[in-house]
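J.: The structure's right below; bear with me while I get my questions together.
Quick note: the coordinates plus some simple rules give every number you see, no bench work behind them. Worth saying up front: this structure is predicted, and the values here are computed from it rather than measured. Cβ sites come from the backbone with ideal geometry, for glycine too, and all protein chains shown count toward neighbours.
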Amino acid sequence: MAKVKGIFFTFSSFFLEMLVVTLAILLSTTLKQYNSRLIESGSLERVYLLDFSLERVIRKIDNGITASLDFGSSPNDTILIISENLTTSFNNYSNNFLAEMDELASFTSTDQPEIQFDLSLISNSNEKIPLVINPGFKYTHINDQGDNLLTIDLGNNVRIAKVYLDLKNAPLNSPNGLKWTTKNKGNDVTFSLTVKGNNGLTESFQDNINTSLPNIFTINNGQATVTVGQYCVGCIQIDRGTIEISSSVTIYFDNLGETLTLNYPQGLYTINFSDVGVYLNASPRIL
C-alpha cells in the first residue's frame, strides 16, 4: 500500500511540476506576445505622430498656390478654388518651394533615417507640383519645351469649370481679345472663361462643351491659349506664352462635401520601421 502511495505521490508531483512548467511557458509566451504588441502599438502611435507633424510642416511651406474649399447656395455644390501666378518658365517655376522641400527632406532623413522623401514626385523634367484632388481630379504643371503649361484634368465628377485669367503685363485687345476658335459644343461640362487685360478691358465666355473633343480659345490672336479636351478627355490646358498671368480656377462638384481632399502625390515620403513591420506610404494632405 505504501508503495502504491509512493507511486501516486511521485506521479502527482511530476504532473504538478509539468503543470507549473507549462504555465510558465504559456506566461512567458503571452508576455512576449504582449510585449511585441506593445512595441507595435507604440510604433504605430509614433508613426501617426510623425506623419501628422510632417503633413503639418509641408502644408505650411508656400508652394505659390492658394486653395480653398467652400459650399454653394445649393446643398449639392462643393466648390474648389485654386489660384496662382504663372510668370516664369518651367525651369524657374516654384524653385523656392522645391528648395524648402529639399531642405526639409535632408533634415528629416538625417535625424530620422526611417523617413525617406521622393521629391521627384513633385519636381522632375516633365512635371512640377502635381496636386491630386480626390476623387479623380488633377492639377499640375507640364514642361512644354521650357514653357510652363498649367494642366487641369477634370475627371468625371466636375459639373462646372470656371477659369479667370488676369494678364499682368499685357493689355487685352479690343475687340475680340478672347476668341473661341475651335468649337465643339456638348453637355459634358459648363465651361466659363474670363480674361482681363492690364488696360482694364475684360471679355468672357460661357457655354456647355464636349470635353472629349478640342475646344480652343485664343487670347490676343494667339499670345496665349486655353485648350479644353484636345490632350485628354476633360483636360484644361493654359499656355500663357510670354504673358505673365494670374490664374484662378473654380470647380463645382456634386455631393462631395468634406470628402474632397487636396493632396501631394502618394509616396512623397515614406516611414518604414522594418524591425517591427510598420510602414507608411504617405500622401500629404494640403486641404
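J.: May I ask you to give the average projected area over all directions of the convex hull of the Cα atoms of region 61-282, in nm² rounded to one decimal? The partial results should precede the final answer.
T.: Numbers: hull surface 55.3 nm².
Directional mean of the projected Cα hull area for region 61-282 stands at 13.8 nm².
J.: Could you please rank T151, T225, placing first whichever residue has the fewest other Cβ atoms within 10 Å of its Cβ?
T.: Details: T151 20, T225 16.
Final ranking by Cβ density, sparse to dense: T225, T151.
J.: Mind giving me the nanometre distance, one decimal, between the label points for F52 and N208, set 7 Å out from Cα along Cα→Cβ?
T.: Rounded to a tenth, the inter-label distance reads 4.8 nm.
J.: Between N198 and S120, what is the label-to-label distance in nm when each label sits 7 Å out along the Cα-to-Cβ direction?
T.: 3.9 nm
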